[in-house]
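Q: Before I ask anything, here is the structure I am working with.
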Amino acid sequence: MIKLENIYLENSEGQYLFNDINIFISSGSLVLIKGNPSQGKTRLMKTMAMIEKPKRGKVSIMGKNIFKLEENEISNLHKNIGIVFQEDMLLKNINVYDNISLPLIFRNEKVREINLALKELIPWLNLGSIIKKKILDLSSSEKKLVQFARAIIGRPRILLLDNFFNSIHEDFEKKIVYLILALNRIGTTVIIFGEEPIFQKLNFNGTYFIKNKTLKALDNQNK
């Protein structure tokens, strides 16, 4: 599903953040990648999301070497990936409903299909009370909930969550964990970068920690 081979990533000053990263994440896995601040978790996430390319190495997503793909092929792969960035990436000039709908609009889904998808998702995440609100009127936890809804509305094959569970309200966290488990059961590969949920633990297939510019696999029984 995701394979990184001999990956080297640089920071803005040209210094290596990662040296010779090798990791294979199989389809349907639930994986946690931890690390201290500024150690490169977001850069690694963007590499897996095909937003940034490594200085050296090979990246394969869903069995395809991204360096051998045309731009339209990369774009098609992107449609299978849901991402929640650490930063607030919501569009401020439209409401919650329209923000969540964007991935389906980009996929040229019919209005009827978009409405059906929203009708199913809104009660799952209890979005009814905020669905028509402007983004500027939301709390930080509500914004994270909306970003999560937008990331999963198209039932992605890969879901990437970047520092997502930092400072999130317990009630929202439980709803999100429930949906992560539901998506994972139907085959979605879920990769969490940063801390895991506090109030409801997940059983990860693999846990890694960034140390000395590389990834160290941890024993999930003794994280």
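The values are calculated or read from the model by the stated rules, or taken from the named source; none is laboratory data. Note that the structure is predicted; figures quoted are calculated from it, not measured. Cβ: placed from backbone, ideal geometry, glycine included. Neighbour counts: every protein chain shown. Remember, those area values only see protein heavy atoms, side chains included, never the ligands or the DNA or RNA. Shrake-Rupley method; radii C 1.70, N 1.55, O 1.52, S 1.80 Å.
Q: Answer with yes or no whether G128 is under 22 Å from M45 (Cα atoms), modelled with pLDDT of 90 or more and open to solvent by 10 Å² or more (accessible area, probe 1.4 Å).
A: no
Q: I would also like to ask the following. If Y208 passes every condition in (1) open to solvent by 10 Å² or more (accessible area, probe 1.4 Å); (2) at pLDDT 95 or above; (3) out of contact with any Leu (no Cβ under 7 Å at 6 or more places or on another chain); (4) part of a strand (DSSP E or B) but one, which one does it miss?
A: Unmet for Y208, out of (1) open to solvent by 10 Å² or more (accessible area, probe 1.4 Å); (2) at pLDDT 95 or above; (3) out of contact with any Leu (no Cβ under 7 Å at 6 or more places or on another chain); (4) part of a strand (DSSP E or B): (3).
Q: Inspect all residues belonging to the stretch 141-148 and state whether any of them is under 30 Å from Y8 (Cα atoms), within 13 Å of the chain's Cα centre (by Cα) and in contact (Cβ under 8 Å) with a residue 12 or more places away in the chain.
A: For the stretch 141-148, residues under 30 Å from Y8 (Cα atoms), within 13 Å of the chain's Cα centre (by Cα) and in contact (Cβ under 8 Å) with a residue 12 or more places away in the chain: present.
Q: Now for a separate question. With respect to I176, determine if the residue is over 19 Å from T42 (Cβ atoms) and under 13 Å from the mean Cα position of the chain (by Cα).
A: Judged against the criteria, I176 is a match.
Q: Check off (1) touching a helix residue (DSSP H, G or I) at 6+ places or on another chain (Cβ under 6 Å); (2) within 15 Å of V84 (Cα to Cα); (3) buried (at least 19 other Cβ atoms within 10 Å of the Cβ) for F164 and give me the number that stays unchecked.
A: (1)
Q: Can I152 be described as without any contact (Cβ under 8 Å) to a residue 60 or more places away in the chain and surrounded by 13 or more Cβ atoms within 10 Å (Cβ to Cβ)?
A: No.
Q: Okay, next question. How many residues are under 20 Å from I2 (Cα atoms) and either buried (at least 16 other Cβ atoms within 10 Å of the Cβ) or in contact with a strand residue (DSSP E or B) (Cβ under 7 Å, 6 or more places away or on another chain) (or both) when one looks only at the stretch 167-202?
A: Final tally of qualifying residues: 10.
Q: Looking only at the stretch 77-114, filter to residues that are polar (S, T, N, Q) and surrounded by 13 or more Cβ atoms within 10 Å (Cβ to Cβ); which one of those is farthest from the chain's Cα centre (by Cα)?
A: N95
Q: Using the structure shown, decide if V96 is at pLDDT 95 or above and either more than 24 Å from A182 (Cβ to Cβ) or out of contact with any strand residue (DSSP E or B) (no Cβ under 7 Å at 6 or more places or on another chain) (or both).
A: Judged against the criteria, V96 is a match.
Q: Among the strands (runs of 3 or more DSSP E) contained in the stretch 3-63, which hold 2 or more residues that are farther than 21 Å from E196 by Cβ and either among the charged types (D, E, K, R) or at pLDDT 90 or above (or both)?
A: 16-25, 56-61
Q: Looking only at the stretch 186-219, count every residue that is without any contact (Cβ under 8 Å) to a residue 24 or more places away in the chain and within 20 Å of I83 (Cβ to Cβ) and tell me the total.
A: So the answer is 0.
Q: Going through K55, K68 one at a time, which residue ends up being open to solvent by 70 Å² or more (accessible area, probe 1.4 Å) and in contact (Cβ under 8 Å) with a residue 24 or more places away in the chain?
A: Exactly one residue qualifies, and that residue is K55.
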